[in-house]
Structure formats: C-alpha cells, structure tokens
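Colleague: Following this message is one structure expressed as structure tokens.
The values are calculated or read from the model by the stated rules, or taken from the named source; none is laboratory data. If you're wondering where the values come from, they're calculated on a predicted model, not measured in any experiment. Positions of Cβ are backbone-derived with ideal geometry, glycine not excepted, and every protein chain shown enters the neighbour counts.
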Amino acid sequence: MTSSGDWVSTSMPYLTPTGRERPEAWGAEAAAAGRKGTQRIVQAGEVPAPGEVAELLGVTEGGPVVVRRRIIELDGEPNELTDTYYPVEIAGGTPLAATAKIRGGAVTLLAELGHSGVTVREDVTARMPSEEERAALRAGPDEPVLRLARVTLDAEGRAIQADLMVMPATRQRLRYEIRIG
C-alpha cells in the first residue's frame, strides 16, 4: 500500500497455485497488509464468448466459455470488478462453473485439473467507466478506471484463462517486477 492509502497490486500471487490448504491469494495479500480482502461471485457458468474473450482464448466468438464474475472488495468496499473466462473444455462441469468459492483459488484448481500457466500477457489501459461499472465500484463522476486484460497460456501456448479487470485508477497502483535470467 502507498502512503496515501491507495492499493498497490502485483499479479504474481494470482498466477501461482498455492494448494488447497492455503487461503486464496486476494485474502492473503490483503491480510499481509493488515486489511480485509474478500470477493463476491455474482455469476458463474457458461456464456457465449464475447469478441475480446474469444480472441484472448483462441475460441470462436459466441461459442461457449465459462465465466466467473466477481466483485473484489477491500475493507468492505468494492476495489475491482473481475470477469475470468475459461475454455469450456477445461472448466465446464467443474467448480469453476459454479458460484462457490474455491479453496486455494482457481489457479490451484486449474493445476489440479492438469492446466498450469507458464506465460502471462497483460495489457493495461485507462478509460472512463460505464455507468454500471461506476455504480458497482462506487466511483466518483470524474474518476477514471484502469482496465487490465490478462491471458494465461500453458506450456504448449494454449490459453487456459482470460481475465478482464476494471479498477478505479485513483485507488490503484499496479506494480510489475520482472526477473531476467
């Protein structure tokens, strides 16, 4: 966290399986900073793949994918809107297609199902939120959002997960640490 109270977010905790006995990454990261991180799963199941998601996952637009839509909260306030999509052949009929929380998190379950990510690509843009996003995030009328689109690929280069995240820009700082070699 920065001195102004904004949240500093890194991606690594959300990309590495932790095991079923450990708490999910968001709650653990918030707790380590002395805060409370929770999430509400507002929808889960099969949906037609929107164009951007189809492109990220390498599936046909309109074809079935599994989505988990969540509101990520920090200290009881909405901090991020996250839609996570999976190819239906990976997630269909699994807990990823249900609204219950997954012990150890979705990345741990994916690894248990034989799908581990080895490459991640993230694109971050800034824009003004839609009215629906503004209301869900309780954002001010002139508050921009950051939008992060992430795709996780396995060792064969197949997409196993795509995330679309929206977060208030004035309450976030994204941190990237890159290890070379």
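Colleague: Suppose we filter the stretch 88-106 for residues that are buried (at least 20 other Cβ atoms within 10 Å of the Cβ) and within 29 Å of A139 (Cβ to Cβ); how many remain? Explain how you work it out, then say what you get.
Modeller: Taking the stretch 88-106 first, the residues buried (at least 20 other Cβ atoms within 10 Å of the Cβ) are 90-91, 96, 105-106.
Going one step further and asking which of them are within 29 Å of A139 (Cβ to Cβ), we end up with 96, 105-106.
Going through the stretch 88-106 one residue at a time, the tally reaches 3.
Colleague: Counting only residues that are among the small types (G, A, S) and either crowded, with 22+ Cβ neighbours inside 10 Å or under 10 Å from the mean Cα position of the chain (by Cα) (or both), how many does the stretch 148-171 have? Give the steps one after another, and end with the answer.
Modeller: At the first step, the residues of the stretch 148-171 found to be among the small types (G, A, S) are 149, 155, 157, 159, 162, 169.
From what is left, the residues that are either crowded, with 22+ Cβ neighbours inside 10 Å or under 10 Å from the mean Cα position of the chain (by Cα) (or both) are 149, 159, 162.
Qualifying residue count for the region: 3.
Colleague: Here is a check on your reading of the model: is T108 within 13 Å of Q161 (Cα to Cα) and touching a Lys or Arg at 6+ places or on another chain (Cβ under 6 Å)?
Modeller: For T108, the condition - within 13 Å of Q161 (Cα to Cα) and touching a Lys or Arg at 6+ places or on another chain (Cβ under 6 Å) - is not met.
Colleague: Any residue that is acidic (D, E) and in contact with a Leu (Cβ under 7 Å, 6 or more places away or on another chain) - is there at least one of those in the stretch 153-162?
Modeller: Residues of the stretch 153-162 acidic (D, E): 154, 156.
Cutting the leftovers down to in contact with a Leu (Cβ under 7 Å, 6 or more places away or on another chain) gives us none.
No, the stretch 153-162 contains no residue that is acidic (D, E) and in contact with a Leu (Cβ under 7 Å, 6 or more places away or on another chain).
So that you can scan it fast, the table gives a plain yes or no per residue for (1) more than 15 Å from the chain's Cα centre (by Cα); (2) surrounded by 17 or more Cβ atoms within 10 Å (Cβ to Cβ):
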{"site": "V66", "(1), (2)": "no, yes"}
{"site": "D75", "(1), (2)": "yes, no"}
{"site": "Y86", "(1), (2)": "no, yes"}
{"site": "S116", "(1), (2)": "yes, no"}
{"site": "M128", "(1), (2)": "yes, no"}
{"site": "A139", "(1), (2)": "yes, yes"}
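Colleague: Another question, then. Here are some conditions: (1) on the phi < 0 side of the Ramachandran plot; (2) touching a strand residue (DSSP E or B) at 6+ places or on another chain (Cβ under 7 Å); (3) at pLDDT 95 or above. G51 meets all but one. Which one does it not meet?
Modeller: Here G51 meets the rest and fails (2).
Colleague: What's the number of the condition P141 fails, among (1) at pLDDT 95 or above; (2) within 20 Å of E77 (Cα to Cα)?
Modeller: (1)
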